[in-house]
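The values are calculated or read from the model by the stated rules, or taken from the named source; none is laboratory data. Just so it is clear, the structure is predicted and the values come from calculations on it, not from any experiment. Quick reminder, even Gly has a Cβ in these numbers, built from the backbone with ideal geometry, and neighbours come from all protein chains shown. What goes into the accessible areas is simple: the full protein's heavy atoms, side chains included, and nothing from ligands, DNA or RNA. Shrake-Rupley method; radii C 1.70, N 1.55, O 1.52, S 1.80 Å.
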Amino acid sequence: MNERHGRTRDLFTIWFSANLGPLTLVTGALAPTAFGLSFWWSLVALLAGHLGGGFLMALHSAQGPQLGVPQMIQSRGQFGTVGALVVVLAVLVMYQGFFASNLVVGAQSLREVLPGVPLDAGIMGGAVVSLVVAVVGYRLMHRIGALSSWVFGAVQIAGAAWLLCGGLPGDFLSRGEFSLGGFLGMVSVGALWQVAYAPYVSDYSRYMPASTAGVRSTLWCTYWGTVLGSLLPMTVGAAVGLAVPGSDPVAAQTGLLGTPLAQLTLWCFALVTMLTNSMNLYGAVLCVVTAVQTFAVRWLPRAAGRALLGAALCALSAVLALAFAGSFMDRYLNFLYVLQYLLIPWTAINLVDFYLVRRGHYDVAAFFARDGGAYGRINRPALSVYLLGIAVEFPFMAQEMYTGPVAATLGDTDLGWLAGLLFTLPAYLLATRRTRAARDAGSPHTVPPGTPEPLLTPEGPASHDNPTSPDSPTGAAR
(Lines give C-alpha, C1' and ligand atoms only; values in the text may rest on other atoms or scores of the structure.)
Protein backbone atom coordinates (compact mmCIF):
# COMPACT_ATOMS: atom_id res chain seq x y z
CA MET A 1 0.00 0.00 0.00
CA ASN A 2 2.82 2.42 0.83
CA GLU A 3 4.27 2.06 -2.67
CA ARG A 4 1.08 3.25 -4.36
CA HIS A 5 1.75 6.68 -5.80
CA GLY A 6 1.18 8.92 -8.79
CA ARG A 7 -1.58 11.04 -10.33
CA THR A 8 -3.92 10.11 -13.14
CA ARG A 9 -2.84 13.15 -15.14
CA ASP A 10 0.59 11.49 -15.37
CA LEU A 11 -1.10 8.91 -17.58
CA PHE A 12 -2.00 11.60 -20.10
CA THR A 13 1.59 12.77 -20.47
CA ILE A 14 3.21 9.36 -20.75
CA TRP A 15 0.77 8.13 -23.42
CA PHE A 16 0.72 11.42 -25.28
CA SER A 17 4.52 11.55 -25.49
CA ALA A 18 4.91 7.83 -26.28
CA ASN A 19 2.93 8.32 -29.50
CA LEU A 20 4.91 11.27 -30.87
CA GLY A 21 7.58 9.17 -32.58
CA PRO A 22 8.41 8.52 -36.23
CA LEU A 23 6.71 5.11 -36.24
CA THR A 24 3.41 6.91 -35.67
CA LEU A 25 4.14 9.18 -38.65
CA VAL A 26 5.03 6.16 -40.80
CA THR A 27 1.83 4.39 -39.76
CA GLY A 28 -0.27 7.41 -40.72
CA ALA A 29 1.41 7.49 -44.13
CA LEU A 30 0.00 4.01 -44.81
CA ALA A 31 -3.41 5.61 -45.45
CA PRO A 32 -2.42 7.06 -48.87
CA THR A 33 0.61 4.89 -49.69
CA ALA A 34 -0.81 1.43 -48.85
CA PHE A 35 -4.55 2.05 -49.04
CA GLY A 36 -4.76 4.82 -51.66
CA LEU A 37 -6.96 7.15 -49.59
CA SER A 38 -7.30 10.89 -50.06
CA PHE A 39 -6.36 13.17 -47.18
CA TRP A 40 -9.89 13.71 -45.88
CA TRP A 41 -10.79 10.03 -46.06
CA SER A 42 -7.49 9.24 -44.36
CA LEU A 43 -8.42 11.60 -41.55
CA VAL A 44 -11.91 10.08 -41.14
CA ALA A 45 -10.44 6.55 -41.06
CA LEU A 46 -7.83 7.59 -38.50
CA LEU A 47 -10.45 9.21 -36.29
CA ALA A 48 -12.70 6.16 -36.41
CA GLY A 49 -9.88 3.73 -35.66
CA HIS A 50 -8.27 5.72 -32.86
CA LEU A 51 -11.45 6.84 -31.12
CA GLY A 52 -12.77 3.26 -31.03
CA GLY A 53 -9.52 1.41 -30.39
CA GLY A 54 -8.41 4.01 -27.86
CA PHE A 55 -11.49 3.36 -25.75
CA LEU A 56 -10.75 -0.38 -25.62
CA MET A 57 -7.15 0.40 -24.67
CA ALA A 58 -8.20 2.83 -21.92
CA LEU A 59 -10.60 0.27 -20.44
CA HIS A 60 -7.55 -1.92 -19.81
CA SER A 61 -5.74 1.02 -18.18
CA ALA A 62 -8.61 1.50 -15.74
CA GLN A 63 -8.02 -2.03 -14.42
CA GLY A 64 -4.56 -1.13 -13.10
CA PRO A 65 -5.31 0.75 -9.85
CA GLN A 66 -8.10 -1.68 -9.00
CA LEU A 67 -5.93 -4.83 -9.09
CA GLY A 68 -2.33 -3.60 -8.82
CA VAL A 69 -0.82 -6.40 -10.95
CA PRO A 70 0.61 -6.53 -14.49
CA GLN A 71 -1.93 -7.08 -17.25
CA MET A 72 -0.48 -10.45 -18.25
CA ILE A 73 -0.68 -11.65 -14.64
CA GLN A 74 -4.30 -10.51 -14.53
CA SER A 75 -5.00 -12.58 -17.67
CA ARG A 76 -4.56 -15.67 -15.51
CA GLY A 77 -7.99 -14.80 -14.13
CA GLN A 78 -9.43 -15.61 -17.55
CA PHE A 79 -7.13 -18.34 -18.93
CA GLY A 80 -5.57 -19.95 -15.84
CA THR A 81 -1.90 -19.83 -14.84
CA VAL A 82 -0.69 -22.11 -17.64
CA GLY A 83 -3.38 -21.20 -20.16
CA ALA A 84 -2.36 -17.53 -20.00
CA LEU A 85 1.00 -18.49 -21.51
CA VAL A 86 -0.63 -18.58 -24.95
CA VAL A 87 -1.38 -14.87 -24.67
CA VAL A 88 1.88 -14.03 -22.89
CA LEU A 89 3.96 -15.49 -25.73
CA ALA A 90 1.88 -13.69 -28.39
CA VAL A 91 2.36 -10.40 -26.55
CA LEU A 92 6.09 -11.04 -26.21
CA VAL A 93 6.28 -11.32 -30.01
CA MET A 94 4.43 -8.01 -30.22
CA TYR A 95 6.92 -6.27 -27.95
CA GLN A 96 9.88 -7.54 -29.95
CA GLY A 97 8.28 -6.53 -33.25
CA PHE A 98 7.49 -2.99 -32.13
CA PHE A 99 10.90 -2.65 -30.50
CA ALA A 100 12.60 -3.58 -33.78
CA SER A 101 10.31 -1.29 -35.79
CA ASN A 102 11.05 1.67 -33.54
CA LEU A 103 14.78 0.98 -33.75
CA VAL A 104 14.63 1.21 -37.55
CA VAL A 105 12.64 4.45 -37.79
CA GLY A 106 14.54 6.01 -34.89
CA ALA A 107 17.85 5.26 -36.59
CA GLN A 108 16.51 6.66 -39.86
CA SER A 109 15.60 9.89 -38.07
CA LEU A 110 19.06 10.08 -36.51
CA ARG A 111 20.73 9.49 -39.87
CA GLU A 112 18.73 12.34 -41.41
CA VAL A 113 19.99 14.79 -38.79
CA LEU A 114 23.50 13.27 -38.56
CA PRO A 115 24.29 11.91 -42.04
CA GLY A 116 27.65 10.59 -40.87
CA VAL A 117 26.03 8.09 -38.49
CA PRO A 118 25.45 4.72 -40.23
CA LEU A 119 22.00 3.16 -39.93
CA ASP A 120 23.39 0.14 -38.07
CA ALA A 121 25.12 2.37 -35.52
CA GLY A 122 21.89 4.31 -34.97
CA ILE A 123 20.00 1.08 -34.36
CA MET A 124 22.53 -0.13 -31.81
CA GLY A 125 22.76 3.24 -30.07
CA GLY A 126 18.98 3.49 -29.75
CA ALA A 127 18.83 -0.03 -28.33
CA VAL A 128 21.41 0.76 -25.64
CA VAL A 129 19.66 3.96 -24.50
CA SER A 130 16.28 2.19 -24.38
CA LEU A 131 17.80 -0.57 -22.28
CA VAL A 132 19.25 1.91 -19.77
CA VAL A 133 15.91 3.71 -19.32
CA ALA A 134 14.03 0.42 -18.91
CA VAL A 135 16.49 -0.87 -16.30
CA VAL A 136 16.22 2.36 -14.28
CA GLY A 137 12.47 1.84 -14.32
CA TYR A 138 8.95 3.14 -14.10
CA ARG A 139 9.51 6.48 -12.37
CA LEU A 140 12.10 7.63 -14.92
CA MET A 141 9.71 6.78 -17.77
CA HIS A 142 6.99 8.91 -16.20
CA ARG A 143 9.39 11.82 -15.70
CA ILE A 144 10.64 11.63 -19.27
CA GLY A 145 7.07 11.35 -20.49
CA ALA A 146 5.96 14.46 -18.59
CA LEU A 147 8.85 16.54 -19.93
CA SER A 148 8.67 15.26 -23.50
CA SER A 149 4.92 15.85 -23.74
CA TRP A 150 5.47 19.59 -23.56
CA VAL A 151 8.67 19.81 -25.58
CA PHE A 152 7.99 17.21 -28.28
CA GLY A 153 4.30 18.09 -28.41
CA ALA A 154 5.12 21.72 -29.14
CA VAL A 155 7.55 20.70 -31.90
CA GLN A 156 4.97 18.38 -33.47
CA ILE A 157 2.27 21.06 -33.42
CA ALA A 158 4.65 23.60 -34.96
CA GLY A 159 5.60 21.14 -37.71
CA ALA A 160 1.99 20.25 -38.44
CA ALA A 161 1.01 23.93 -38.63
CA TRP A 162 3.93 24.67 -40.98
CA LEU A 163 3.00 21.84 -43.33
CA LEU A 164 -0.76 22.27 -43.36
CA CYS A 165 -0.55 26.05 -43.76
CA GLY A 166 1.56 26.12 -46.88
CA GLY A 167 4.35 23.59 -46.70
CA LEU A 168 2.55 21.02 -48.88
CA PRO A 169 1.90 20.96 -52.65
CA GLY A 170 -1.21 22.86 -53.62
CA ASP A 171 -2.88 19.83 -55.15
CA PHE A 172 -2.24 17.31 -52.37
CA LEU A 173 -5.91 17.47 -51.29
CA SER A 174 -6.98 16.26 -54.73
CA ARG A 175 -4.72 13.21 -54.62
CA GLY A 176 -5.94 9.78 -53.56
CA GLU A 177 -9.50 8.50 -53.52
CA PHE A 178 -12.02 6.54 -51.49
CA SER A 179 -12.33 2.77 -51.52
CA LEU A 180 -14.21 0.69 -49.00
CA GLY A 181 -11.36 -1.78 -48.64
CA GLY A 182 -8.79 0.98 -48.16
CA PHE A 183 -10.96 2.87 -45.70
CA LEU A 184 -11.67 -0.18 -43.54
CA GLY A 185 -8.03 -1.21 -43.80
CA MET A 186 -6.88 2.10 -42.32
CA VAL A 187 -9.58 2.01 -39.65
CA SER A 188 -8.16 -1.39 -38.68
CA VAL A 189 -4.62 -0.02 -38.51
CA GLY A 190 -5.71 2.88 -36.31
CA ALA A 191 -7.69 0.63 -33.97
CA LEU A 192 -4.86 -1.88 -33.73
CA TRP A 193 -2.36 0.87 -32.94
CA GLN A 194 -4.34 1.51 -29.77
CA VAL A 195 -5.23 -2.10 -28.92
CA ALA A 196 -1.54 -3.03 -29.17
CA TYR A 197 -1.00 -1.00 -25.97
CA ALA A 198 -3.66 -3.01 -24.12
CA PRO A 199 -1.35 -5.80 -22.88
CA TYR A 200 0.74 -3.34 -20.90
CA VAL A 201 -1.18 -0.08 -20.51
CA SER A 202 -2.26 -1.02 -16.98
CA ASP A 203 1.39 -1.59 -16.03
CA TYR A 204 1.65 2.22 -15.87
CA SER A 205 -1.53 2.80 -13.86
CA ARG A 206 -1.34 -0.11 -11.39
CA TYR A 207 0.97 1.75 -8.98
CA MET A 208 -1.60 4.47 -8.43
CA PRO A 209 -3.78 4.37 -5.29
CA ALA A 210 -7.17 2.85 -6.03
CA SER A 211 -8.74 5.37 -3.64
CA THR A 212 -7.66 8.36 -5.75
CA ALA A 213 -7.20 6.83 -9.22
CA GLY A 214 -10.81 6.00 -9.96
CA VAL A 215 -11.94 4.06 -13.01
CA ARG A 216 -13.25 7.12 -14.85
CA SER A 217 -10.28 9.42 -14.26
CA THR A 218 -7.80 6.67 -15.14
CA LEU A 219 -9.75 5.81 -18.28
CA TRP A 220 -10.15 9.33 -19.65
CA CYS A 221 -6.62 10.55 -18.88
CA THR A 222 -5.23 7.52 -20.68
CA TYR A 223 -7.75 7.79 -23.51
CA TRP A 224 -7.16 11.41 -24.46
CA GLY A 225 -3.40 11.11 -24.02
CA THR A 226 -3.07 8.20 -26.43
CA VAL A 227 -5.69 9.37 -28.93
CA LEU A 228 -4.40 12.94 -29.26
CA GLY A 229 -0.78 11.83 -29.22
CA SER A 230 -1.46 9.38 -32.06
CA LEU A 231 -3.73 11.48 -34.26
CA LEU A 232 -1.34 14.43 -34.51
CA PRO A 233 1.64 12.64 -36.14
CA MET A 234 -0.56 10.24 -38.10
CA THR A 235 -2.44 13.12 -39.70
CA VAL A 236 0.89 14.66 -40.69
CA GLY A 237 2.02 11.26 -41.98
CA ALA A 238 -1.04 10.98 -44.21
CA ALA A 239 -0.41 14.46 -45.62
CA VAL A 240 3.28 13.73 -46.22
CA GLY A 241 2.44 10.42 -47.89
CA LEU A 242 0.24 12.26 -50.38
CA ALA A 243 2.68 15.13 -50.89
CA VAL A 244 5.73 12.96 -51.59
CA PRO A 245 4.41 9.55 -52.73
CA GLY A 246 6.87 6.67 -52.81
CA SER A 247 9.33 8.34 -50.42
CA ASP A 248 10.32 7.46 -46.90
CA PRO A 249 7.83 9.48 -44.78
CA VAL A 250 10.45 10.59 -42.24
CA ALA A 251 12.86 11.84 -44.92
CA ALA A 252 9.99 13.40 -46.89
CA GLN A 253 8.79 15.37 -43.88
CA THR A 254 12.30 16.66 -43.35
CA GLY A 255 12.46 17.95 -46.89
CA LEU A 256 9.09 19.68 -46.59
CA LEU A 257 9.83 21.36 -43.27
CA GLY A 258 13.28 22.72 -44.02
CA THR A 259 15.78 23.66 -41.33
CA PRO A 260 15.86 24.32 -38.41
CA LEU A 261 12.38 22.94 -37.69
CA ALA A 262 13.21 19.74 -39.56
CA GLN A 263 16.35 19.21 -37.50
CA LEU A 264 14.47 19.78 -34.26
CA THR A 265 11.71 17.37 -35.32
CA LEU A 266 14.21 14.66 -36.21
CA TRP A 267 15.98 14.97 -32.86
CA CYS A 268 12.61 14.66 -31.12
CA PHE A 269 11.79 11.61 -33.21
CA ALA A 270 15.04 9.90 -32.28
CA LEU A 271 14.52 10.59 -28.57
CA VAL A 272 10.85 9.58 -28.52
CA THR A 273 11.64 6.17 -30.01
CA MET A 274 14.00 5.53 -27.12
CA LEU A 275 11.27 6.32 -24.58
CA THR A 276 8.74 4.16 -26.44
CA ASN A 277 11.19 1.30 -26.73
CA SER A 278 12.02 1.45 -23.04
CA MET A 279 8.30 0.85 -22.44
CA ASN A 280 8.30 -2.05 -24.91
CA LEU A 281 11.31 -3.57 -23.19
CA TYR A 282 9.77 -3.03 -19.75
CA GLY A 283 6.72 -5.01 -20.82
CA ALA A 284 8.75 -7.71 -22.58
CA VAL A 285 10.76 -8.43 -19.43
CA LEU A 286 7.53 -8.66 -17.44
CA CYS A 287 6.26 -11.23 -19.96
CA VAL A 288 9.37 -13.37 -19.63
CA VAL A 289 9.24 -13.29 -15.83
CA THR A 290 5.51 -14.09 -15.92
CA ALA A 291 6.17 -17.06 -18.21
CA VAL A 292 8.98 -18.47 -16.05
CA GLN A 293 7.04 -17.97 -12.83
CA THR A 294 4.27 -20.12 -14.24
CA PHE A 295 6.50 -23.12 -13.51
CA ALA A 296 8.83 -21.63 -10.86
CA VAL A 297 6.46 -19.69 -8.62
CA ARG A 298 9.10 -18.44 -6.18
CA TRP A 299 11.58 -17.31 -8.82
CA LEU A 300 12.19 -13.57 -8.77
CA PRO A 301 15.28 -12.21 -10.54
CA ARG A 302 17.31 -9.56 -8.75
CA ALA A 303 18.48 -6.34 -10.35
CA ALA A 304 21.36 -7.98 -12.24
CA GLY A 305 19.10 -10.76 -13.48
CA ARG A 306 16.49 -8.29 -14.69
CA ALA A 307 19.14 -6.29 -16.49
CA LEU A 308 20.44 -9.43 -18.20
CA LEU A 309 16.94 -10.38 -19.32
CA GLY A 310 16.43 -6.90 -20.70
CA ALA A 311 19.79 -6.99 -22.47
CA ALA A 312 18.98 -10.33 -24.12
CA LEU A 313 15.59 -9.14 -25.38
CA CYS A 314 17.10 -5.85 -26.50
CA ALA A 315 19.80 -7.69 -28.46
CA LEU A 316 17.19 -9.90 -30.16
CA SER A 317 15.18 -6.88 -31.33
CA ALA A 318 18.36 -5.17 -32.54
CA VAL A 319 19.18 -8.24 -34.66
CA LEU A 320 15.67 -8.18 -36.14
CA ALA A 321 15.97 -4.46 -36.88
CA LEU A 322 19.32 -4.91 -38.63
CA ALA A 323 17.96 -7.82 -40.67
CA PHE A 324 14.79 -6.14 -41.91
CA ALA A 325 15.77 -2.46 -42.10
CA GLY A 326 16.02 -2.63 -45.91
CA SER A 327 12.44 -3.87 -46.41
CA PHE A 328 10.88 -2.24 -43.38
CA MET A 329 7.61 -0.87 -44.79
CA ASP A 330 6.55 -4.17 -46.38
CA ARG A 331 7.38 -6.18 -43.27
CA TYR A 332 5.76 -3.66 -40.94
CA LEU A 333 2.30 -3.78 -42.53
CA ASN A 334 2.29 -7.60 -42.48
CA PHE A 335 3.35 -7.51 -38.84
CA LEU A 336 0.42 -5.22 -37.98
CA TYR A 337 -2.06 -7.54 -39.65
CA VAL A 338 -0.86 -10.65 -37.83
CA LEU A 339 -0.81 -8.75 -34.56
CA GLN A 340 -4.42 -7.63 -34.79
CA TYR A 341 -5.62 -11.19 -35.41
CA LEU A 342 -3.97 -12.33 -32.15
CA LEU A 343 -4.80 -9.38 -29.91
CA ILE A 344 -8.45 -8.64 -30.71
CA PRO A 345 -9.90 -11.91 -29.29
CA TRP A 346 -7.75 -11.53 -26.16
CA THR A 347 -8.82 -7.95 -25.48
CA ALA A 348 -12.48 -8.92 -25.93
CA ILE A 349 -12.18 -11.77 -23.40
CA ASN A 350 -10.26 -9.67 -20.89
CA LEU A 351 -12.68 -6.74 -20.96
CA VAL A 352 -15.83 -8.89 -20.84
CA ASP A 353 -14.43 -10.82 -17.89
CA PHE A 354 -13.39 -7.73 -15.93
CA TYR A 355 -16.37 -5.46 -16.58
CA LEU A 356 -19.31 -7.80 -17.19
CA VAL A 357 -18.56 -11.17 -15.59
CA ARG A 358 -16.52 -10.44 -12.44
CA ARG A 359 -17.06 -6.67 -12.29
CA GLY A 360 -13.57 -6.08 -10.97
CA HIS A 361 -13.72 -8.73 -8.24
CA TYR A 362 -10.73 -11.08 -8.38
CA ASP A 363 -8.78 -13.23 -5.96
CA VAL A 364 -5.43 -11.62 -6.71
CA ALA A 365 -3.50 -14.06 -4.50
CA ALA A 366 -4.72 -16.91 -6.72
CA PHE A 367 -2.92 -15.35 -9.70
CA PHE A 368 0.33 -16.44 -8.04
CA ALA A 369 -0.79 -19.83 -6.71
CA ARG A 370 0.99 -22.86 -8.15
CA ASP A 371 -2.32 -24.54 -8.99
CA GLY A 372 -4.01 -21.32 -10.09
CA GLY A 373 -6.27 -21.23 -7.07
CA ALA A 374 -9.81 -20.24 -8.03
CA TYR A 375 -8.80 -19.94 -11.70
CA GLY A 376 -6.97 -23.25 -12.14
CA ARG A 377 -4.04 -24.00 -14.41
CA ILE A 378 -5.94 -24.07 -17.69
CA ASN A 379 -9.36 -22.55 -18.32
CA ARG A 380 -10.41 -24.58 -21.34
CA PRO A 381 -13.61 -22.64 -22.16
CA ALA A 382 -11.67 -19.34 -22.29
CA LEU A 383 -8.87 -20.81 -24.39
CA SER A 384 -11.40 -22.41 -26.72
CA VAL A 385 -13.18 -19.11 -27.25
CA TYR A 386 -9.85 -17.35 -27.87
CA LEU A 387 -8.72 -19.89 -30.48
CA LEU A 388 -12.16 -19.93 -32.10
CA GLY A 389 -12.05 -16.12 -32.22
CA ILE A 390 -8.85 -16.35 -34.24
CA ALA A 391 -10.30 -19.09 -36.47
CA VAL A 392 -13.40 -17.00 -37.21
CA GLU A 393 -11.12 -14.24 -38.55
CA PHE A 394 -9.60 -16.36 -41.33
CA PRO A 395 -12.42 -16.07 -43.92
CA PHE A 396 -12.39 -12.29 -43.44
CA MET A 397 -8.61 -11.78 -43.69
CA ALA A 398 -7.14 -9.84 -46.62
CA GLN A 399 -3.40 -9.35 -46.65
CA GLU A 400 -0.32 -10.30 -48.61
CA MET A 401 0.14 -13.77 -47.13
CA TYR A 402 -3.50 -14.88 -47.24
CA THR A 403 -6.90 -13.64 -48.41
CA GLY A 404 -10.03 -15.37 -47.14
CA PRO A 405 -13.06 -16.12 -49.29
CA VAL A 406 -15.34 -13.54 -47.65
CA ALA A 407 -12.67 -10.84 -47.93
CA ALA A 408 -12.15 -11.70 -51.61
CA THR A 409 -15.89 -11.39 -52.25
CA LEU A 410 -15.81 -7.94 -50.62
CA GLY A 411 -13.01 -6.74 -52.87
CA ASP A 412 -10.11 -7.71 -50.60
CA THR A 413 -11.57 -5.79 -47.68
CA ASP A 414 -10.04 -6.98 -44.41
CA LEU A 415 -12.69 -7.41 -41.72
CA GLY A 416 -10.89 -10.13 -39.76
CA TRP A 417 -10.44 -8.06 -36.63
CA LEU A 418 -14.12 -7.05 -36.62
CA ALA A 419 -15.28 -10.65 -37.09
CA GLY A 420 -13.03 -11.76 -34.24
CA LEU A 421 -14.35 -9.04 -31.96
CA LEU A 422 -18.03 -9.61 -32.75
CA PHE A 423 -17.68 -13.36 -32.23
CA THR A 424 -15.54 -13.34 -29.09
CA LEU A 425 -17.54 -10.83 -27.04
CA PRO A 426 -20.80 -12.83 -26.83
CA ALA A 427 -19.08 -16.24 -27.10
CA TYR A 428 -17.01 -15.68 -23.97
CA LEU A 429 -19.96 -14.26 -22.05
CA LEU A 430 -22.06 -17.31 -22.99
CA ALA A 431 -19.26 -19.77 -22.17
CA THR A 432 -18.71 -18.16 -18.77
CA ARG A 433 -22.36 -18.27 -17.85
CA ARG A 434 -22.62 -21.92 -18.85
CA THR A 435 -19.54 -22.80 -16.80
CA ARG A 436 -20.89 -20.96 -13.78
CA ALA A 437 -24.32 -22.54 -14.16
CA ALA A 438 -22.75 -26.02 -14.27
CA ARG A 439 -20.65 -25.24 -11.20
CA ASP A 440 -23.57 -23.79 -9.26
CA ALA A 441 -25.75 -26.79 -10.12
CA GLY A 442 -23.44 -28.98 -8.05
CA SER A 443 -23.24 -26.56 -5.13
CA PRO A 444 -25.76 -26.17 -2.31
CA HIS A 445 -25.07 -22.41 -2.34
CA THR A 446 -26.12 -21.25 -5.78
CA VAL A 447 -25.41 -17.76 -7.01
CA PRO A 448 -27.61 -15.92 -9.52
CA PRO A 449 -26.02 -15.76 -12.99
CA GLY A 450 -23.99 -12.62 -13.53
CA THR A 451 -23.24 -12.05 -9.84
CA PRO A 452 -19.54 -11.18 -9.40
CA GLU A 453 -17.44 -13.69 -7.52
CA PRO A 454 -16.31 -12.49 -4.09
CA LEU A 455 -12.66 -12.25 -3.25
CA LEU A 456 -11.50 -15.50 -1.75
CA THR A 457 -8.81 -14.04 0.51
CA PRO A 458 -9.43 -12.59 3.96
CA GLU A 459 -7.44 -9.47 3.11
CA GLY A 460 -10.14 -8.19 0.73
CA PRO A 461 -9.23 -5.26 -1.49
CA ALA A 462 -5.91 -4.78 0.31
CA SER A 463 -4.67 -7.96 -1.38
CA HIS A 464 -4.77 -6.07 -4.65
CA ASP A 465 -1.70 -4.11 -3.68
CA ASN A 466 1.53 -5.27 -5.22
CA PRO A 467 4.24 -5.50 -2.55
CA THR A 468 7.17 -5.28 -4.90
CA SER A 469 9.11 -2.27 -6.08
CA PRO A 470 7.91 -0.35 -9.14
CA ASP A 471 11.39 0.85 -9.98
CA SER A 472 12.37 -2.08 -12.17
CA PRO A 473 10.81 -3.75 -15.18
CA THR A 474 10.10 -6.89 -13.18
CA GLY A 475 9.38 -5.38 -9.77
CA ALA A 476 5.72 -6.09 -10.31
CA ALA A 477 6.03 -9.80 -10.92
CA ARG A 478 6.18 -11.72 -7.69
* Looking only at helices (runs of 4 or more DSSP H) that fall completely inside region 159-272, which ones have 2 or more residues that are open to solvent by 10 Å² or more (accessible area, probe 1.4 Å)? -> 180-195, 215-243, 249-257
* Asked: In region 91-116, which residue that is β-branched (Val, Ile, Thr) and surrounded by 24 or more Cβ atoms within 10 Å (Cβ to Cβ) is nearest to Val128 (Cα to Cα)?
  -> Val104
* To do: Run Ala369 past the list (1) more than 25 Å from the chain's Cα centre (by Cα); (2) more than 14 Å from Val82 (Cβ to Cβ); (3) touching a residue at least 40 places away in the same chain (Cβ under 8 Å); (4) open to solvent by 20 Å² or more (accessible area, probe 1.4 Å) and report the number of the one that doesn't hold.
  => (2)
* Which of the following residues is in contact (Cβ under 8 Å) with a residue 60 or more places away in the chain, farther than 27 Å from Gly181 by Cα and part of a loop (DSSP other than H, G, I, E, B): Leu20, Leu89? -> Leu20
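Look at region 288-322 and say how many of its residues are farther than 20 Å from Asn102 by Cα and touching a Leu at 6+ places or on another chain (Cβ under 9 Å). Outline the logic, then answer.
Of region 288-322, the ones farther than 20 Å from Asn102 by Cα are 288-308.
Going one step further and asking which of them are touching a Leu at 6+ places or on another chain (Cβ under 9 Å), we end up with 288-291, 293-294, 301, 307.
Of the residues in that region, 8 qualify.
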* Quick one: in region 120-151, of everything that is open to solvent by less than 30 Å² (accessible area, probe 1.4 Å) and of a type in the set (A, V, I, L, M, F, W, C), which residue is modelled with the lowest pLDDT? => Met141
* Those residues that are surrounded by 15 or more Cβ atoms within 10 Å (Cβ to Cβ) and touching a residue at least 24 places away in the same chain (Cβ under 8 Å), I need them from region 289-304; list them, please. => Val289, Thr290, Ala291, Gln293, Thr294, Leu300, Pro301
* Structure fact -> Filtering region 61-86 down to residues that are assigned to a helix (DSSP H, G or I), out of contact with any Gly (no Cβ under 8 Å at 6 or more places or on another chain) and farther than 24 Å from Trp15 by Cβ yields Gly77, Gln78, Phe79, Leu85, Val86
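Test Thr276 against the criterion of being over 24 Å from Phe368 (Cα atoms), open to solvent by 10 Å² or more (accessible area, probe 1.4 Å), of a type in the set (Val, Ile, Thr) and part of a helix (DSSP H, G or I), and give yes or no.
yes
From the list Gly68, Gly28, Gly21, Gly52, which residue is closer than 30 Å to Ala427 by Cα, open to solvent by less than 10 Å² (accessible area, probe 1.4 Å) and not hydrophobic (A, V, I, L, M, F, W, C)?
Answer to the check: Gly68.
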* If you check every pair at least six apart or on different chains, which have Cβ atoms under 9 Å apart with a residue in region 267-287 that is within 13 Å of Leu309 (Cα to Cα) first and a residue that is of a type in the set (Val, Ile, Thr) and open to solvent by 10 Å² or more (accessible area, probe 1.4 Å) second? -> Leu281/Val133; Leu281/Val135; Tyr282/Val133
* Scan region 305-321 residue by residue and report those that are small (Gly, Ala, Ser), open to solvent by 10 Å² or more (accessible area, probe 1.4 Å), within 23 Å of Asp120 (Cβ to Cβ) and in contact (Cβ under 8 Å) with a residue 24 or more places away in the chain. => Ala311, Ala315
* To do: Go through region 397-417 residue by residue and tally those that are free of Cβ contacts under 8 Å to residues at least 24 places away in the same chain, open to solvent by 40 Å² or more (accessible area, probe 1.4 Å) and touching a helix residue (DSSP H, G or I) at 6+ places or on another chain (Cβ under 9 Å).
  => 3
* Filter result (among the β-branched types (Val, Ile, Thr), under 19 Å from the mean Cα position of the chain (by Cα) and over 25 Å from Leu173 (Cβ atoms)) within region 195-252 -> Val195, Val201, Thr218, Thr222, Thr226
* Asked: If we scan region 215-229, do we find a residue that is among the charged types (D, E, K, R) and closer than 29 Å to Ser38 by Cβ?
  -> no
* To do: Of the conditions (1) within 20 Å of the chain's Cα centre (by Cα); (2) among the β-branched types (Val, Ile, Thr); (3) closer than 24 Å to Tyr332 by Cβ; (4) open to solvent by 10 Å² or more (accessible area, probe 1.4 Å), Val88 clears all except one; give me its number.
  => (4)
* Count of residues meeting criterion [at pLDDT 85 or above, assigned to a loop (DSSP other than H, G, I, E, B) and either more than 25 Å from the chain's Cα centre (by Cα) or farther than 23 Å from Trp193 by Cα (or both)] in region 384-419 -> 1
* Structure fact -> Residue set Val86, Val113; condition at pLDDT 85 or above, of a type in the set (Val, Ile, Thr) and more than 21 Å from Tyr204 (Cβ to Cβ); output residue Val86
